[in-house]
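A short worksheet on the structure shown next.
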Amino acid sequence: MRILIACLLLLSANFAYANCARPGVAPEIPNGATADEAGMKAGREAIQAYVNQLEAYKACLKQQADQATADVSDQQKSTWLAQGDAALDYANVLANRYSAQLKLFKERSAPPAK
């Protein structure tokens with residue numbers, strides 16, 4: 001699945017019509033087993049900002065497909081929409097990875113049970 005997402009995102013740079021800026025590399029997700037509270041908070045903020053960029057990218061691609069001129073093929077429009085969907089799928093993957101690390105952090109940080 002990750003390979004498919006990466007391929008779809010990389011394809012966006014190859015089309016002459018593409019006007020939407022694809023977000024760069026995703027921020028690193030903090031390691032819940034070793035990160036401190038400030039590191040987890042900074043990681044959450046960085047991931048959220050990146051997810052927002054991916055959502056904006058998807059919206060841009062949809063708008064681009066919706067407003068495309070007659071010389072843009074239906075296949076190209078479908079590709080843009082698929083790239084937007086892949087970006088949103090990747091946002092979900094990142095959010096799930098962060099959640100898993102947050103769970104580790106909370107388990108490690110929880111006071112011992114008496």
Problem set entry | Residue check for Ala87: closer than 22 Å to Gly24 by Cβ, among the small types (Gly, Ala, Ser) and touching a Phe, Trp or Tyr at 6+ places or on another chain (Cβ under 9 Å) | yes
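Let me confirm something: among Leu54, Leu81, Leu61, Leu10, which residue is aliphatic (A, V, I, L, M) and modelled with pLDDT under 95?
Residue meeting the stated conditions: Leu10.
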For this session: Go through (1) farther than 20 Å from Pro30 by Cα; (2) at pLDDT below 95 one by one and return the number of the condition Arg108 breaks.
Result: (1)
Problem set entry | Among the residues listed as Lys58, Lys103, the single one being in contact with a Gly (Cβ under 6 Å, 6 or more places away or on another chain), charged (D, E, K, R) and part of a helix (DSSP H, G or I) | Lys58
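Return yes or no: is Tyr90 buried (at least 20 other Cβ atoms within 10 Å of the Cβ), at negative phi and among the hydroxyl-bearing types (Ser, Thr, Tyr)?
yes
The values are calculated or read from the model by the stated rules, or taken from the named source; none is laboratory data. All values derive from a computational prediction rather than experimental measurement. Cβ: placed from backbone, ideal geometry, glycine included. Neighbour counts: every protein chain shown.
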